Amino acid sequence: MSFDVTHLEVPVPQVDELFIAWWEATRDHQFLVQRCTKCNGTQHYPRAICTGCGSTDALCFISATGNGTLYSFSEVLRPAHPSLRAPYVVALVRIEEGPLVLTQIVGAASNDLQCDQRVYLKWLSLDDGRALPVFTITSEFDEYSHFRTHNGG
Ligand SMILES: [Zn+2]
């Protein structure tokens, strides 16, 4: 039995004050990372305080390159929301700038993945113009829809 999910609304992330600049940059497919000008540490997600030195007035945003390595991953067989089609892969990616990012791997099955593998940033468009950062294992991978899986299912 097939189940048509294309009419379901995907829950869209809510934005609080700290995240406004970060989310606005996703409209231009820019992944922002906070950098501290006092200790030079980086962090993701955005916070009001530097997790390295405790500074509250030295944080700025830099643009991430979009390159990273796969730190850990897990295949989800039972989706967290009916609009999501399983299986899909959630992952922790260590981006070049240092922070770990909780994300999704697209265009690859969990059998294709191994830790420390190079991964590349891609964007998943949201209806309101923002985008979600996801990663894939090949820089050439370009086509993805939230409602399709790698095997066309
Ligand atoms: Zn700092």
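The values are calculated or read from the model by the stated rules, or taken from the named source; none is laboratory data. All values reported here derive from a predicted model rather than from experimental measurement. Cβ coordinates were reconstructed from backbone atoms using ideal geometry, including for glycine residues, and neighbour counts include every protein chain displayed.
A Cβ distance below 7 Å, combined with a sequence gap of six or more or placement on separate chains, defines the contacts here; from the range 110-127, residues that are without any contact (Cβ under 8 Å) to a residue 24 or more places away in the chain reach residues that are surrounded by fewer than 16 Cβ atoms within 10 Å (Cβ to Cβ) in the pairs K122/F141. Just so you know, in the range 7-27 the residues that are surrounded by 10 or more Cβ atoms within 10 Å (Cβ to Cβ) and not in a helix (DSSP H, G or I) include one that is modelled with the highest pLDDT, and it is R27.
Considering the conditions (1) under 16 Å from V134 (Cβ atoms); (2) surrounded by fewer than 17 Cβ atoms within 10 Å (Cβ to Cβ); (3) not assigned by TED's automatic domain parsing to the domain that holds F19, C115 is excluded by exactly one of them, (1). The condition of being closer than 16 Å to P133 by Cα and among the polar types (S, T, N, Q) holds for only one of S63, S74, S83, that being S63. Is it the case that D142 is in a loop (DSSP other than H, G, I, E, B), modelled with pLDDT of 95 or more, of a type outside the set (S, T, N, Q) and over 15 Å from the mean Cα position of the chain (by Cα)? So D142 fails the test. Being among the aliphatic types (A, V, I, L, M), within 16 Å of the ligand (Cβ to nearest atom) and part of a strand (DSSP E or B) narrows it down to one residue among V89, V33; which is it? Going through V89, V33 in turn, just one is among the aliphatic types (A, V, I, L, M), within 16 Å of the ligand (Cβ to nearest atom) and part of a strand (DSSP E or B): V33. Scanning the range 36-55 for residues that are polar (S, T, N, Q), on the phi < 0 side of the Ramachandran plot and within 9 Å of the ligand (Cβ to nearest atom) turns up T37, Q43, T51, S55.
Taking first residues from the range 37-54 that are closer than 22 Å to I20 by Cα and of a type in the set (S, T, Y) and partners that are near the ligand (Cβ under 6 Å from one of its atoms) and not in a loop (DSSP other than H, G, I, E, B), the Cβ contacts under 9 Å between residues at least 6 apart in sequence or on separate chains come to T42/C36; T51/C36.
Here S110 fulfils each of the conditions (1) over 27 Å from Q43 (Cβ atoms); (2) at pLDDT below 90; (3) surrounded by 13 or more Cβ atoms within 10 Å (Cβ to Cβ) apart from (2). Can you list residue pairs whose Cβ atoms sit under 7 Å apart, with the first residue in the range 56-85 being in a loop (DSSP other than H, G, I, E, B) and within 16 Å of the ligand (Cβ to nearest atom) and the second being modelled with pLDDT under 95 and of a type outside the set (S, T, N, Q)? Count only pairs 6 or more apart in sequence or on different chains. Cβ pairs passing all conditions: T56/A48.
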